[in-house]
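Only one structure is covered here, and it is reproduced in the block below.
Since every read-out is calculated from the coordinates, none of them should be taken as a lab result. What you see is a predicted model; the values in this text were computed from it and never measured. Here the Cβ positions follow ideal geometry from the backbone for every residue, glycine too, while neighbour counts run over all protein chains shown.
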Amino acid sequence: MHIVVIGAGIVGLTTAWYLRQEGHRVTLVERAPTVGMGASHANGGQLSYRYVAPLADPDVLEKLPGWMLQRDAPVRFRPRFDPQQWRWLLRFLKACNRHDKARSIASLLPLALHSRALTHELVDTHGLAFDFVRNGKLVVHRDARSFEEARRLLESAPELTAAQQALDGEACIALEPALARLRGRIVGGIHTPAEDAGDCLKLCRALAARMTGAPNPVKFAFGREVHGFARSGSRITAVITDAGAIDCEACVLATGAAASALLRPLGVDVPIYPVKGYSISVPIRAGANAPAISVTDFQRKVVYARLGSQLRVAGMADIVGHDSRISRDRITALLAETGNCFGDGFDFGAATPWAGLRPATPTGRPIIDRAGADNLWLNLGHGALGFTLAAGSAQLLADRIAGREPACPDEDFRVEAPSSRSRRSACTTVLQTPSSQPRSLRAPVAPSPSARPRPAGSGCGRAAARSGPARTPSSRAPAGSRPSAAGAADGDRT
Ligand SMILES: Cc1cc2nc3c(=O)[nH]c(=O)nc-3n(C[C@H](O)[C@H](O)[C@H](O)COP(=O)(O)OP(=O)(O)OC[C@H]3O[C@@H](n4cnc5c(N)ncnc54)[C@H](O)[C@@H]3O)c2cc1C
């Protein structure tokens, strides 16, 4: 089948990768002159499989009034005459409760772990190079209450105790000596050895380079903006660009934060809004005190990752519309934070500043679904986790297009996901809230019309047995029960 994928960010590129592996003929259309020029360009570099908690958190409601008054708050909101912004914000505030947060974590965690297996396959089997490191992650807390909460969350689930470790301040510094300047200020930290980091832009380039080669090369159409679709009945027959139409048998929209405008004329309303963040890439001087482990400063909401010879520092969430201009005060704040944490062994004068628009849904859950036409597919809305979730989401979509049982539960990634009420009533999975109270969530509902019936014994809590071409054992989500919400640590979003 000839499939046109729109958008050459990390999500569009991984989508093209798995569709090409299935034997489809793929054309990738991108308005920029090359790959990775949107949100995938200079993100935080964290492959954060266990830290999938959404930005929508009950704590946000408490903190929001203070943030509105604080100039350097990690979250900034600039009201606009934009109904989309207000609709998104209302849905976001509605999602700031323990139940929705637990639900998002419960659906994101299997996808993230599936993505980890696939990302490792890209490195180990396909040899893609993107400064990938299996260096682990240390989330440091400066506040005793937040550390205590994180520690209690960890102790509430045996599966977590195996994957993560709570350390006091001195043990954090012993593990990552680059944090020595923060002695006395770090109360403690949570160490997750199995997290990775890498350069998302380099992965975009590596995927593109590999896909242009034989067999079955992907065709790239750069510098072409898609404006709409030609239809025949319920099917898309061509993608209309500013340089003419491209015929297709199916189409995938992977346009990040710009998705809504293309979907509205088709009667599809996706709750995706840009949440702007910033990064700096700072050259590391010889002998500098740069961290080897990826570090998250929990209170400052800033992440640090060593990518090759640079330190990537990222953070902030500005809800200011489709405005990707770099704000000088945000960059100054990132430079100052880096100096305060790790000293002056960096070439701050040569730091590269960047701003990007996270394609955010109110709940933090992506949209991996079919909508607007029988052959129009969406892979959108990965928010602060697009690098982490890209490979898993892309293969999930390939499963859906092939009509196969998806590798992990995907019903929460539909345009119209089932309501919280119906999920609660059908609940079988027990989740732990941070306060350790059991909470019930539902099992997956019936398979999608396009999916095969689940094999006996599969269903909620199971990575489905898979069939079809291009599968390897390592590309499956971990077998066994679906990880609980307690299996994902909190508050790491950049
Ligand atoms: C500051 C910051 C830090 C982050 N840190 C992390 C992190 O540490 N870990 C992590 O997992 N994630 C992180 N993220 C999130 C991650 O970067 C995004 O979720 C991810 O890049 C989204 O990828 P995408 O392909 O959906 O979108 P994009 O990369 O934005 O790609 C969409 C592409 O579609 C193209 N396009 C749009 N409309 C059209 C059209 N009409 N016609 C043709 N082309 C079109 C755009 O030009 C663009 O190239 C961070 C994001 C930011 C901003």
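Observations, loosely collected:
- Those residues of region 290-326 which are over 12 Å from Leu138 (Cβ atoms) and among the aliphatic types (A, V, I, L, M), in sequence order: Ala290, Val302, Leu307, Leu311, Val313, Ala314, Met316, Ala317, Ile319, Val320, Ile326
- Strands (runs of 3 or more DSSP E) wholly inside region 1-94 containing at least 1 residues that are in contact with a Cys (Cβ under 6 Å, 6 or more places away or on another chain) and farther than 30 Å from Arg300 by Cβ: 2-6
- Of the strands (runs of 3 or more DSSP E) that lie entirely inside region 178-279, those containing 1 or more residues that are farther than 21 Å from Leu19 by Cα and out of contact with any Pro (no Cβ under 7 Å at 6 or more places or on another chain) span 188-192, 226-232, 235-241, 244-247.
- Thr332, sole failed condition from (1) part of a helix (DSSP H, G or I); (2) closer than 24 Å to Thr15 by Cα: (2)
The rows are residues; the columns are (1) surrounded by 24 or more Cβ atoms within 10 Å (Cβ to Cβ); (2) within 10 Å of the ligand (Cβ to nearest atom); (3) not hydroxyl-bearing (Ser, Thr, Tyr).
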residue	(1), (2), (3)
Glu337	no, no, yes
Asp344	no, no, yes
Pro362	yes, no, yes
Pro366	yes, yes, yes
Asn379	yes, yes, yes
Leu389	yes, yes, yes
Leu397	yes, no, yes
Ala402	no, no, yes
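- Residues (more than 10 Å from the ligand (Cβ to nearest atom) and of a type in the set (S, T, N, Q)) located in region 276-291: Ser281, Asn289
- Of all residues in region 130-181 being free of Cβ contacts under 8 Å to residues at least 12 places away in the same chain and under 13 Å from Thr192 (Cα atoms), the one that is surrounded by the most Cβ atoms within 10 Å (Cβ to Cβ): Thr161
- Reported count of residues in region 252-269, each being within 12 Å of the ligand (Cβ to nearest atom) and within 23 Å of Val26 (Cβ to Cβ), is 10.
- When the residues of region 237-279 are filtered to those that are surrounded by fewer than 23 Cβ atoms within 10 Å (Cβ to Cβ) and β-branched (Val, Ile, Thr), the one that is nearest to Leu307 (Cα to Cα) is Val270.
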